[in-house]
Amino acid sequence: MTARLNWDRDGRDWPNRAFSRFVTAGGLRWHVQVMGEGPVVLLIHGTGAATHSFRALAPMLAAHFTVVAPDLPGHGFTAEPAHASGYSLPGVASGIAALLQTLGLRPVLAAGHSAGAAVAIRMTLDGSIAPATIVSLNGALLPFPGMTHDIFAPVARFLASSRLTAAAFSTFVGSRPSVERLLRSTGSHIDAEGVRYYGRLTANPGHVHGALALMANWDLRPLLRELPRLAARLILVVGRSDGMVPPAEAYRVRAAVPTAEIIALPGLGHLAHEERPEEIVRIIRQAVAHDTPDEGPRHEGPRPPEQS
């Protein structure tokens with residue numbers, strides 16, 4: 001097995017560590033953070049990231065909602081699935097559904113970043129969650145065109161197929177210059193803390209293997225075909241400087257879901273939720289208020305989980 005992140009060592013200063021818990025659900029040991037009280041908001045990070053991506057956003061939301069944010073399978077501190085199917089879009093969606101069922105949480109809103117937006121939509125289409133609204137944060141919702149998909153997936157499968165290859169790849173991408181180049185390519189400018197955590201993740205062979213395995217087993221073509229039957233309200237938040245997902249793709253998604261709303265954020269890139277979390281909080285609060293006009297009382301901040 002490829003060396004994975006160790007919670008006692010690599011998670012000693014993990015953002016929002018006090019709200020972390022480890023839960024076994026769907027045959028997988030999940031790292032998940034749960035904080036706050038009120039209507040449940042599900043946060044799903046993208047490929048190659050982890051809950052650290054919501055380090056500022058989650059506590060801000062927790063002043064108004066119960067926030068649940070898991071590490072995806074094979075990412076961060078969540079275990080690897082036993083089978084490759086656990087990395088597929090349906091597999092990840094069913095895994096998070098099992099986690100929510102174990103936690104007894106039903107989201108009124110699901111927000112997903114990049115590939116996480118596809119997971120939120122897949123879960124909703126499958127009926128495993130029934131949020132009134134889905135917020136796509138620079139969502140990667142469309143398959144690569146033509147030959148790009150036919151070339152990209154096999155390359156990812158090759159890199160993920162060998163533990164030694166994945167370990168070598170992590171050595172390359174985990175260097176400080178590589179991490180900084182990768183983050184610049186997103187079109188975002190994040191703080192030094194964020195850079196440090198991304199560096200920790202990309203330098204870990206287990207995490208890199210998980211990200212490669214996810215990419216190798218990802219297929220968005222069925223999702224694209226089924227998008228027109230999405231009943232939940234869809235809000236497409238787009239960083240106009242996104243260097244990973246072309247902002248124009250939001251308009252292609254709206255062609256499939258004519259009721260989708262597009263919110264463009266000038267000057268922000270693919271990691272817009274890390275650059276300006278307060279803006280995302282505003283969008284989510286307005287969305288929930290739209291769905292449930294009487295928000296009721298809210299407490300002043302996140303509360304640590306009760307110890308069992």
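Here is a check on your reading of the model: is residue 250 more than 25 Å from residue 71 (Cα to Cα), buried (at least 23 other Cβ atoms within 10 Å of the Cβ) and not polar (S, T, N, Q)? So residue 250 fits the description; yes.
Output the residue which, of all residues in the range 124-163 that are part of a helix (DSSP H, G or I) and at pLDDT 70 or above, is surrounded by the most Cβ atoms within 10 Å (Cβ to Cβ). If we take residues in the range 124-163 being part of a helix (DSSP H, G or I) and at pLDDT 70 or above, then 124 is surrounded by the most Cβ atoms within 10 Å (Cβ to Cβ). Given the condition modelled with pLDDT of 95 or more and of a type in the set (Val, Ile, Thr), answer yes or no: does some residue in the range 2-15 qualify? No: the range 2-15 contains no residue that is modelled with pLDDT of 95 or more and of a type in the set (Val, Ile, Thr).
Within the range 203-225, being in contact with a Ser or Thr (Cβ under 9 Å, 6 or more places away or on another chain), more than 18 Å from residue 7 (Cβ to Cβ) and surrounded by fewer than 23 Cβ atoms within 10 Å (Cβ to Cβ) holds for 215, 216, 217, 218, 219.
Residues of the range 227-245 that are over 18 Å from the mean Cα position of the chain (by Cα), within 20 Å of residue 184 (Cα to Cα) and not basic (Lys, Arg): 241 alone.
Taking residue 76, is it assigned to a strand (DSSP E or B), under 27 Å from residue 275 (Cβ atoms) and at pLDDT 95 or above? No: the conditions fail for residue 76. Take the conditions buried (at least 23 other Cβ atoms within 10 Å of the Cβ) and either closer than 20 Å to residue 217 by Cα or in contact with a strand residue (DSSP E or B) (Cβ under 7 Å, 6 or more places away or on another chain) (or both) and apply them to residue 27. Does it pass? No: the conditions fail for residue 27.
One line per residue, one yes/no per condition, for (1) under 20 Å from residue 54 (Cα atoms); (2) touching a helix residue (DSSP H, G or I) at 6+ places or on another chain (Cβ under 6 Å); (3) of a type outside the set (Lys, Arg); (4) part of a helix (DSSP H, G or I):
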| site | (1), (2), (3), (4) |
| --- | --- |
| 182 | yes, no, yes, yes |
| 187 | yes, no, yes, no |
| 190 | yes, yes, yes, no |
| 193 | yes, no, yes, yes |
| 197 | yes, yes, yes, yes |
| 207 | yes, yes, yes, yes |
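Could you tell me how many of the residues in the range 1-22 are surrounded by fewer than 17 Cβ atoms within 10 Å (Cβ to Cβ) and either hydroxyl-bearing (Ser, Thr, Tyr) or in a strand (DSSP E or B) (or both)? Residues in the range 1-22 being surrounded by fewer than 17 Cβ atoms within 10 Å (Cβ to Cβ) and either hydroxyl-bearing (Ser, Thr, Tyr) or in a strand (DSSP E or B) (or both): 2 in total. On inspection, residue 272 fails the criterion of being farther than 23 Å from residue 107 by Cα and either touching a residue at least 24 places away in the same chain (Cβ under 8 Å) or not hydroxyl-bearing (Ser, Thr, Tyr) (or both).
Sub-7 Å Cβ pairs linking a first residue in the range 77-96 that is surrounded by 23 or more Cβ atoms within 10 Å (Cβ to Cβ) to a second residue that is at pLDDT below 95 and in a helix (DSSP H, G or I), at least 6 apart or interchain, are 87/213; 87/214, ordered by first then second residue.
Annotation: of all residues in the range 98-118 being part of a helix (DSSP H, G or I) and touching a Gly at 6+ places or on another chain (Cβ under 6 Å), the one that is surrounded by the most Cβ atoms within 10 Å (Cβ to Cβ) is 116.
Note on the range 63-101: residues that are among the aromatic types (Phe, Trp, Tyr) and within 13 Å of residue 214 (Cβ to Cβ) total 1.
The values are calculated or read from the model by the stated rules, or taken from the named source; none is laboratory data. Since we're looking at a predicted model, the values are computed, not measured. Glycine also receives a Cβ, built like all others from the backbone with ideal geometry; neighbour counts cover every protein chain displayed.
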